[in-house]
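Asks: Below is a structure I'd like to ask you about.
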Amino acid sequence: MTKRLNKDTQICMSLAARPSNFGTRFHNYLYDALDLDYLYKAFTTQNLAGAIQGIRALGIRGCAISMPFKEACIPLVDEMDASAQGIQAVNTIVNTNGHLKAYNTDYIAIRQLLAEYALDPNKAFALKGSGGMAKAAACALKDAGFSKGYIVARNAEAGQALAALYGYQWCATETQCAAEILINATPLGMDGAQANQLAWAEEKIQAASTVFDMVALPAVTPLIHYAQELGKTVITGSEVFAIQAVEQFVLYTGIRPSAELFSQAAAWSRQ
C-alpha cells in the first residue's frame with residue numbers, strides 16, 4: 001500500500017555540509033515497514049540559526065546534526081541531554097511542542113562497537129580529529145577503559161583541551177604517536193574534495209592491528225580499503241551511522257524496531 005502524505009504527517013530531517021542518502025533511506029525504510037505517518041528528508045544550509053529556528057517554527061519532529069554543525073548548534077537549542085552536555089557536541093535534536101532538546105547518539109554507537117569488536121583497552125589508540133565526532137569517540141573510549149591514547153589534531157587549542165579532558169596526550173601530527181588502534185574522526189576520505197585522501201599514513205596503518213573510520217560515506221573509504229587489504233580488523237563509519245540512526249529513530253517515534261528490521265534498514269541504507 002502506498003503511503004499517503006497528509007497534513008498530520010510528521011517530518012524529520014538532517015542537516016549536514018554534505019547530505020547523503022543514508023539517513024533518508026534508513027528512516028523512511030523503517031517508517032514504511034512500521035506503517036508510521038512520518039517522512040524524512042536530508043538538507044544542508046548556510047544559515048544554521050535560521051534552519052534550527054525553522055525546526056521549531058514548523059514543528060519538525062526531529063533533526064540529525066552532522067559535520068560541521070555539531071558544536072555550532074548548541075547555543076540554538078533549549079535543553080541539552082546528558083549525552084550531549086558531557087561531550088559538548090550534538091548529533092540529534094528532538095522537538096516537543098517547540099522545545100528543542102539535544103542528544104548525542106554517536107557516543108552510544110561508538111561505545112557499542114568497541115564492545116562488539118572486543119577492542120582491548122590495554123592497547124594504545126590514536127584518534128585523529130578534535131570536533132564533535134572526535135569528542136564522542138574520546139568519551140566512549142575513556143568510558144570503555146582505554147587509559148593510553150593520543151589525540152592527533154592540528155588545532156592545538158581544541159586538541160589539547162580534548163586530550164586534557166580525558167587524560168590523553170595531544171599530538172600535533174601523527175608522526176609523534178604510535179598506536180595499535182587507529183581512529184579517524186576527520187572528513188579525510190569522505191565523498192567530495194577529500195575523497196581520495198588516506199586518513200592515516202601507510203606505515204601507521206601497517207603497524208596497527210585495528211582501524212576505525214568514522215566517515216560513513218563512502219562505506220569503504222581509502223583508509224578502510226587499505227586496512228582491509230592488509231588484513232586488519234576494520235570498523236566502518238556506516239556501522240556507526242546505522243546504530244546512532246536507530247537511536248535517533250527511537251527518540252523521534254518512541255518505537256524500537258526489532259533487530260531483524262534494523263538489519264534490513266541498515267542494509268537498505270548502504271545500497
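Asks: Mind giving me the FRET efficiency for residue 164 and residue 21? R0 is 41 Å, r the Cβ-Cβ distance, nearest 0.05 is fine.
Replies: Efficiency, rounded to the nearest 0.05: 0.60.
Asks: Which aspartates and glutamates does residue 123 reach when only Cα atoms under 12 Å apart count, and residues fewer than 8 places away in its own chain are ignored?
Replies: By straight Cα distance, residue 123 reaches 180.
Asks: Can you list the residues, at least 5 places off or on another chain, whose amide H is less than 5 Å from the amide H of residue 171, using H built in the peptide plane?
Replies: Hits under the 5 Å cutoff: 151, 152, 153.
Asks: If you bin every alpha carbon distance in the chain into 5 Å steps from zero, what whole percent lands in each bin?
Replies: Final binned percentages: 1, 6, 13, 17, 19, 17, 12, 8, 4, 2, 1, 0.
Asks: Still on this structure: Measure nothing but the geometry: give the 0 to 90° angle between the long axis through the Cα atoms of 48-58 and the longest principal axis through the Cα atoms of the chain, rounded to 10°.
Replies: Around 30 degrees separate the two axes.
Asks: State the extension gain, in nm to one decimal, for the chain segment bounded by residue 6 and residue 45, taking 0.36 nm per residue of separation less the distance between their alpha-carbons.
Replies: This chain segment gains 11.5 nm when fully extended.
Asks: Suppose every K and R has +1 on its Cβ and every D and E has -1 on its Cβ; what is the size of the dipole of the range 1-126 about the Cα centre, in Debye to the nearest 20?
Replies: Here the size comes out at about 360 debye.
Asks: Is any residue of the range 126-164 close enough, with backbone N under 17 Å, to a label point placed 7 angstrom from the Cα of residue 207 along the Cα-Cβ axis, and if so, which?
Replies: 126-128, 148-153
Asks: Would you calculate, for the chain, the mean residue ellipticity at 222 nm contributed by helices, counting each DSSP H stretch of 4 or more residues as -39,500 (n - 2.57) and dividing by all residues, to the nearest 500?
Replies: Dividing the helical sum by the residues of the chain leaves -11500 deg cm²/dmol.
Asks: Which of the aspartates and glutamates could a cross-linker bridge to residue 7, judged by Cα under 19 Å and excluding same-chain residues fewer than eight apart?
Replies: Output for residue 7: 32, 35, 37.
Asks: If you don't mind, another one. Give the distance, in whole Å, between the Cα centre of the range 45-68 and the Cα centre of the range 220-253.
Replies: 25
Asks: Computed over the Cα atoms, what is the radius of gyration of the range 204-263 divided by 2.2 N^0.38 Å, N being its residue count?
Replies: So the Cα radius of gyration is 1.39 times the expected 2.2 N^0.38 Å.
Asks: Under a crude label model (7 Å from the Cα following the beta-carbon direction), how far is residue 225 from residue 34 in nanometres?
Replies: 3.6
Asks: I would also like to ask the following. How many nm is it between the label spots at residue 195 and residue 232, if each spot is 7 Å from the Cα in line with the beta carbon?
Replies: 2.3
Asks: Measure nothing but the geometry: give the 0 to 90° angle between the long axis through the Cα atoms of 132-143 and the longest principal axis through the Cα atoms of the chain, rounded to 10°.
Replies: 70
Asks: In whole Å, largest first, what are the principal axis extents of the Cα atoms in the range 154-207?
Replies: Reported extents, whole Å, longest axis first: 32, 26, 15.
Asks: Among 186, 112, 72, whose Cα projects farthest towards the positive end of the dipole of the chain, with charges put on the beta-carbon of Lys, Arg (+1) and Asp, Glu (-1)?
Replies: 72
Asks: Here is a follow-up. For helix 22-33, report the angle its Cα long axis makes with the longest principal axis of the Cα atoms of the chain; keep it between 0 and 90° and round to the nearest 10°.
Replies: So the helix axis and the longest Cα principal axis differ by about 40 degrees.
Asks: Next question. Could you please report the charge total around residue 70, scoring K, R as +1 and D, E as -1 over all other residues with beta-carbon less than 10 angstrom from its beta-carbon?
Replies: Summing Lys and Arg as +1 and Asp and Glu as -1 gives -1.
Asks: Still on this structure: Whole-Hz ³J(HN,Hα) for each residue in the range 262-271, computed from phi via Karplus 6.51 cos²θ - 1.76 cosθ + 1.60 with θ = phi - 60°, x for glycine and proline: what do you get?
Replies: These are the phi-based 3J(HN,Hα) values: 4, 4, 5, 5, 5, 5, 5, 5, 8, 6 Hz.
Asks: A further question follows. Once you put a point 7 Å from the Cα of residue 118 and another 7 Å from the Cα of residue 53, both along the Cβ direction, what distance in nm separates them?
Replies: 5.4
Asks: Take the residue pairs 70/128; 148/232; 101/128 and return only those whose Cα atoms are more than 27 Å apart.
Replies: 101/128, as the Cα separations exceed 27 Å there.
Asks: Between residue 79 and residue 156, what is 0.36 nm times their sequence separation minus the Cα-Cα distance? Round to one decimal in nm.
Replies: Going from the current span to full extension adds 24.8 nm.
Asks: Once the cut-off is 16 Å, how many percent of the Cα-Cα pairs in the range 61-133 end up in the long-distance tail?
Replies: For the range 61-133, the share of Cα pairs beyond 16 Å comes to 53 percent.
Asks: Oh, and also: To check you understand DSSP bridge types, tell me what percent of the beta bridges within the chain (both residues inside) are antiparallel, rounded to 5.
Replies: Taking every DSSP beta bridge with both residues in the chain, the antiparallel ones total about 20 percent.
Computed from the coordinates by the stated procedures, all read-outs in this text should not be read as laboratory data. Because the structure is a prediction, the values reported are computed rather than measured. Neighbour counts run over all protein chains shown; Cβ positions are idealised from the backbone, glycine included.
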